[in-house]
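Working notes, structure below.
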Amino acid sequence: MTASAGPLPAHRFAKPSRLVLIVYWVCLFIGTHTPRDSGVDLTVTDKILHFGAYLGLAFLLALAWSLRRPLAARSYAIMVILLAAYGALDELLQIPVNRTCDPLDWLADVCGVAVGLALFLPLGRWLDVAQQRPPVGKAGIDP
């Protein structure tokens with residue numbers, strides 16, 4: 001006897017995905033607010049680290065969000081604004097711990113957010129199909 005394939009039970013993954021997001025975000029905050037050893041020069045890789053960290057943050061946020069409700073263009077816009085604002089705040093809050101507040105770091109953060117969300121798009125569409133959600137606008141996002 002075979003069981004019929006039903007919708008993906010997203011509720012089973014919603015809480016673990018939120019937990020991973022929270023742990024990642026807290027670790028990111030701690031990592032960016034711990035005074036760095038001045039003997040280590042990260043000028044070349046610093047922007048790559050920012051880019052990668054925010055790519056991961058955006059991807060995890062989109063995953064946690066999509067397991068609760070379908071993602072529309074508005075959802076993506078909210079995530080970009082939220083994470084860009086957090087990135088700016090994160091840079092400003094580094095000043096009290098003797099780290100530099102660099103607008104280019106923030107730009108790398110925002111670029112990472114954009115790429116992270118772009119990489120998530122196919123997975124988000126697949127999750128909508130797997131959960132048998134009606135499409136939201138053309139190609140799974142609002143027009």
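Observations, loosely collected:
- Trypsin sites (Lys or Arg not before Pro) lying in DSSP loop within segment 44-98, provided at most 14 other Cβ fall within 10 Å: R68
- As a rough footprinting exposure proxy, the listed residues L121, L83, L104, L71 were ranked by other beta carbons within 10 Å of their own, and the order from fewest upward is L104, L121, L83, L71.
- Think of each Lys and Arg Cβ as +1 and each Asp and Glu Cβ as -1; about the Cα centre, that makes the dipole of segment 50-133 roughly 520 debye.
- Charge-dipole axis of segment 50-133 as Lys and Arg at +1 and Asp and Glu at -1 on Cβ define it, positive-most pick from L123, L104, M79: L123
- Other residues lying with their Cβ under 12 Å from the Cβ of K47 contribute a combined charge of -4, Lys and Arg counting +1, Asp and Glu -1.
Values quoted throughout were computed directly from the atomic coordinates according to the rules given, and no laboratory measurement underlies them. Everything quoted here is computed from the prediction, not taken from an experiment. So basically every Cβ, Gly included, is an ideal-geometry build from the backbone, and we count neighbours across all protein chains shown.
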